[in-house]
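Peer 1: Before anything else, here's the structure in question.
Each value in this text was obtained by applying a stated rule to the coordinates, not by laboratory testing. Quick caveat, the model's predicted, so the values are computed rather than measured. For neighbour counting, all protein chains shown are included, and Cβ atoms are generated from backbone atoms with ideal geometry for every residue, glycine included.
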Amino acid sequence: MDKIRILGGVPLHGIIPIAGAKNAVLPLMAASLLTEETLTLSNVPRLMDVTTMANLLIQHGVELSMKRKTPADSYDGDIIELCSRSINNTTAPYKLVRLMRASVLVLGPLVTRFGQARVSLPGGCAIGTRPVDLHLKGLEQMGARIQLNGGYIEASVRGRLKGTKIVLPQISVGATENLLMAAVLAEGETVLINAAREPEVCDLAHCLTVMGAKISGIGTDVMSINGVNHLYGTSYDIIFDRIEAGTYAIAAAITRGEIELLCPCSPLMRAVFTFLKKCGVQIVSTERGVKISAVHGDIMGIDVMTEPYPGFPTDMQAQVMALMTTARGVAMITETIFENRLMHVQELIRMGAQIDIHRTSSAIVRGVPKLSGAPVMATDLRASVCLVLAGLSAKGETIVDRIYHLDRGYERLVEKMAACGARIERISAEL
Ligand code: EPZ
């Protein structure tokens, strides 16, 4: 397994292009199953998860072509064309679903268009059990027959799904996306109450609208969908990745450097940028994007709690914790979305951080002058990047292991950071 080697202590200075959003492109690719016409997606990031979703759709019978931008090292997103006119298999096998939980997002489209689906249960992952009960209960309310057999979800409906009112007992991005896609071809009106409002959910809803879906309430917690008989193909440009942008903003802050992010200085970043400004980070919009600066050096410890959008995103929690380890004073970080998303704490402590965990969901971080480099490893995508950020700021050498997690969600991270002066390299595993 490849590793990343970092010699920390260098303030980063430079420009970083921000790619299309991982958590938008995955549901949008699944949405191609809803029409026999071609869906063309642009600004597609080059990520392992995109490849996994492509392989899943291809085995369903989706005709898929990827147009890489030229030159090959261009940071412009790729273009994917997807056409589901000849779907010959409605099973999503365990060997693919276990690689990426978002595979479960083919369930709603397959059931609503083909009347059946057999999708492997995704199973848990490092950050929690991550059940899909809300997805299944919602589909049952729409008339689907759901059975669990041998680790698979077997869903079927005679005729079309029926629109209905669905109250989600807790906010779920994936359940909202699955039920939204199921509803666009259902008979009658579906009302999703307590729907997720994440920008990636809105991006999916906007694309479905362009494809001919009738959706109101996009971006609010009540979405109403009037089912139609047919969706059309279209071309759609994916929103930028707010989590990637937030991650590199932290890279500037934690190294006390200055980075210009090439992405819109958009309201999507409000929760993260408000937090960083409270810490003392300077954030100004530029013609090309937004400049993040901490060259003055003083970062204050500020409390933060993760919440559903528009609150502070859980996918930025680990990165912020890295920043707080060398901030001035104390910060309390509370994770409210996932039950086990503090595993990066132990690795940060190995680098000299002073962190105490309270009742599994809160961490008290007391700032120290400097972290010390160490060999570390992570168990999920965001914990991995947290350790890279800590390594950039630490004195000495840090080796981050299991970096396949990073490849799932960050396009060319080493290149982008090295271009800003980081002493960082990818080292291949000993043969
Ligand atoms: C999406 O995961 C994102 N993934 C996650 O990003 C993100 O952290 C999460 O939303 C929250 O914003 C993608 O979009 C591909 P949820 P998802 O359903 O949909 C519980 C990353 O690092 N729940 O909103 O799986 C669940 O256990 C990844 O990019 C149920 O109990 O998240 C969790 O505690 C990590 N039953 C909470 O709800 C269900 O049926 C929120 O989960 C569904 C969810």
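Peer 1: Normalise the Cα radius of gyration of segment 19-58 by 2.2 N^0.38 Å (N = residues in it) and let me know the number.
Peer 2: On the way: Rg = 9.8 Å, N = 40, 2.2 N^0.38 = 8.9 Å.
That works out to 1.09 for segment 19-58.
Peer 1: Then there's this: Between Q116 and T379, what length in nm is gained on full extension when 0.36 nm per residue of separation is reduced by their alpha carbon distance? Intermediate results must be reported in sequence, preceding the final value.
Peer 2: Numbers: separation 263, 0.36 × 263 = 94.68 nm, distance 3.41 nm.
Net length gain for the segment: 91.3 nm.
Peer 1: Something else: Once label points are set 7 Å from the Cα along Cα→Cβ at both H358 and E425, what is their separation, rounded to one decimal in nm?
Peer 2: Spacing of the two 7 Å Cα→Cβ label points: 4.4 nm.
Peer 1: For segment 169-277, taking Cα atoms only, what is the radius of gyration to one decimal and the Dmax to the nearest whole Å?
Peer 2: 17.0, 56
Peer 1: Averaging sequence separations of C-alpha pairs under 8 Å and six or more residues apart, then dividing by the length of segment 76-124, give the relative contact order as a whole percent.
Peer 2: This gives 41 percent for segment 76-124.
Peer 1: Another question about this same structure. Please work out whether segment 77-166 counts as rounded, prolate or oblate from its C-alpha gyration tensor, where a ≥ b ≥ c are the square roots of the eigenvalues and a/c under 1.5 means rounded, while otherwise a/b larger than b/c means prolate and anything else oblate?
Peer 2: Oblate, because a/c is 1.5 or more while a/b does not exceed b/c.
Peer 1: Relative contact order for segment 13-105: what is it in percent, counting Cα pairs under 8 Å that are at least 6 residues apart?
Peer 2: 34
Peer 1: Classify the chain as rounded, prolate or oblate, taking a ≥ b ≥ c as the square roots of the eigenvalues of its Cα gyration tensor: rounded when a/c is under 1.5, otherwise prolate if a/b is larger than b/c and oblate if not. Kindly include the intermediate steps, with their values, before the conclusion.
Peer 2: Values: a/c = 1.85, a/b = 1.72, b/c = 1.08.
It is prolate, given that a/c is not under 1.5 and a/b is the larger ratio.
Peer 1: Considering only the chain, what is the antiparallel percent among its DSSP beta bridges, to the nearest 5?
Peer 2: 70
Peer 1: Have a look at I243, G219, G280 and report the one farthest towards the positive end of the charge dipole of segment 178-284, computed about the Cα centre with Cβ charges (Lys/Arg +1, Asp/Glu -1).
Peer 2: G280
Peer 1: Still on this structure, I have one more. So if each residue of separation counts as 0.36 nm, and I subtract the Cα-Cα distance between V167 and H296, what length gain in nm does that give?
Peer 2: Taking 0.36 nm per residue and subtracting the Cα distance, the gain is 41.6 nm.
Peer 1: Within segment 125-188, list the GluC sites (Glu not before Pro) lying in a DSSP loop whose Cβ has at most 14 other Cβ atoms in a 10 Å radius.
Peer 2: none
Peer 1: Net charge near G280, counting Lys/Arg +1 and Asp/Glu -1 over other residues with Cβ under 12 Å of its Cβ?
Peer 2: Values: positive: R256, K277, K278, R328; negative: D298.
That works out to +3.
Peer 1: Filter the trypsin sites (Lys or Arg not before Pro) in segment 318-398 down to the DSSP loop ones having no more than 16 other Cβ atoms within 10 Å, then list what survives. Can you show the working numbers first?
Peer 2: Numbers: sites: R328, R341, R350, R359, R366, K370, R382, K395; in loops: R341, R359, K370.
Those that pass, being in a loop and sparsely packed, are R359, K370.
Peer 1: Right, something else. Nearest 0.05, what FRET efficiency do R158 and T209 give at R0 = 22 Å with Cβ-Cβ as r?
Peer 2: Rounded to the nearest 0.05, the efficiency is 0.20.
Peer 1: Beyond 16 Å, how much of the Cα-Cα pair distribution for segment 269-333 remains, as a whole percent?
Peer 2: Counting pairs separated by more than 16 Å, the tail of P(r) holds 46 percent.
Peer 1: Another one. Return the ratio Rg/(2.2 N^0.38 Å) for segment 288-373, where Rg is computed over Cα atoms only.
Peer 2: 1.11
Peer 1: Figure the gain on full extension for Y404 and E287 (residue separation times 0.36 nm, minus the Cα-Cα span) and round it to one decimal in nm.
Peer 2: On the way: separation 117, 0.36 × 117 = 42.12 nm, distance 3.45 nm.
Using 0.36 nm per residue and subtracting the Cα-Cα distance, I get 38.7 nm.
Peer 1: Computed over the Cα atoms of segment 250-395, what is the convex hull's projected area averaged over all directions, in nm²?
Peer 2: 7.8
Peer 1: Pairs of Cα atoms under 8 Å, at least six residues apart: use those to get the relative contact order of the chain, whole percent.
Peer 2: Relative contact order of the chain: 21 percent.
Peer 1: At a Förster radius of 51 Å, what calculated FRET efficiency corresponds to the Cβ-Cβ distance of K95 and M305, to the nearest 0.05? Working shown, then result.
Peer 2: On the way: r = 38 Å, r/R0 = 0.74.
Efficiency, from the Cβ-Cβ distance: 0.85.
Peer 1: So which GluC sites (Glu not before Pro) in segment 327-431 are both in a DSSP loop and have at most 10 other Cβ atoms within 10 Å of their Cβ?
Peer 2: On the way: sites: E335, E339, E347, E397, E411, E415, E425, E430; in loops: E335, E339, E411, E430.
Passing sites in segment 327-431 are E430.
Peer 1: Same structure again: Give, rounded to the nearest 20 debye, the magnitude of the charge dipole that the chain has about its Cα centre when Lys and Arg contribute +1 at Cβ and Asp and Glu contribute -1 at Cβ.
Peer 2: My answer is approximately 440 debye.
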